[in-house]
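Notes to accompany the following structure.
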């Protein structure tokens, strides 16, 4: 899978290292939803991108869409709570997030879902993680992005102003409170030149 990633000018190291979590910036979205953001939380993110792109057992999926079956416009991988993660730094990240949010979340992050956006044609449509407990309970989804930045869009579920956050090169975003029930998020397609990106989504057990 040969894809060119233009490295970050601000992350010129191959040493994988997590930053502190006490500098997270929280933004209240409304209706009990919020996001925490830490730009560049993971140093050496371009090195991690290269490892994940080459070594993760990515799968392409097809999905029923109205009257036809279409390709899912991204590659996917999923790791259950008892599955070994594809790199030790991801174990460190999950443990650090679980410790930081222990009092507020009340349970650890356990599963990891990975999405590989190969270029600007790959995307994910508007959705909330409401298949599991997120449909009826406040919860959190923590996302670490490696590779080229792509815009994450958020909007109120019933319509309203859109919040835009470009994520890549080791950025961390945590969506919390009622965010999965009362807001939706998406990675839109883009016609602009866009390099490959991988997102790693940590969730508590039973949140999809």
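Relative contact order for the chain: 28 percent, from Cα pairs under 8 Å spaced at least 6 residues apart, divided by residue count. Largest GNM mean-square fluctuation among 67, 104, 184, using the chain with Cα springs under 10 Å: 67. Three principal axis extents describe the C-alpha atoms of the range 21-126; from largest down they are 45, 37, 28 Å.
When the Kirkwood hydrodynamic radius is evaluated over all pairs of different C-alpha atoms of the chain, what value in angstrom, to one decimal, is obtained? Present the calculation step by step, with values, prior to reporting the outcome.
Working: mean 1/r = 0.0577 Å⁻¹.
Evaluated on the chain, it is 17.3 Å.
Dividing the Cα radius of gyration of the range 99-186 by its Kirkwood radius returns 0.96 for Rg/Rh. Per residue, the chain reaches -4000 deg cm²/dmol at 222 nm when only DSSP H runs of four or more residues are counted, each adding -39500 (n - 2.57).
Just rank 70, 144, 56, fewest to most, by other beta-carbon atoms within 10 angstrom. Working shown, then result.
Details: 70 11, 144 28, 56 20.
Ranked by crowding around the Cβ, least crowded first: 70, 56, 144.
Fewest-first ordering of 197, 130 by other beta carbons within 10 Å of each residue's beta carbon gives 130, 197. FRET efficiency for the pair residue 164 and residue 21, taken as 1/(1 + (r/R0)^6) with r the Cβ-Cβ distance and R0 = 35 Å, rounds to 0.90.
Sorted fewest first by neighbouring Cβ atoms within 10 angstrom, 101, 78, 117 come out as 78, 101, 117.
None of the figures in this text is laboratory data; all of them are computed from the coordinates on show. All figures in this text were calculated on a predicted structure; none of them were measured in a lab. Glycine also receives a Cβ, built like all others from the backbone with ideal geometry; neighbour counts cover every protein chain displayed.
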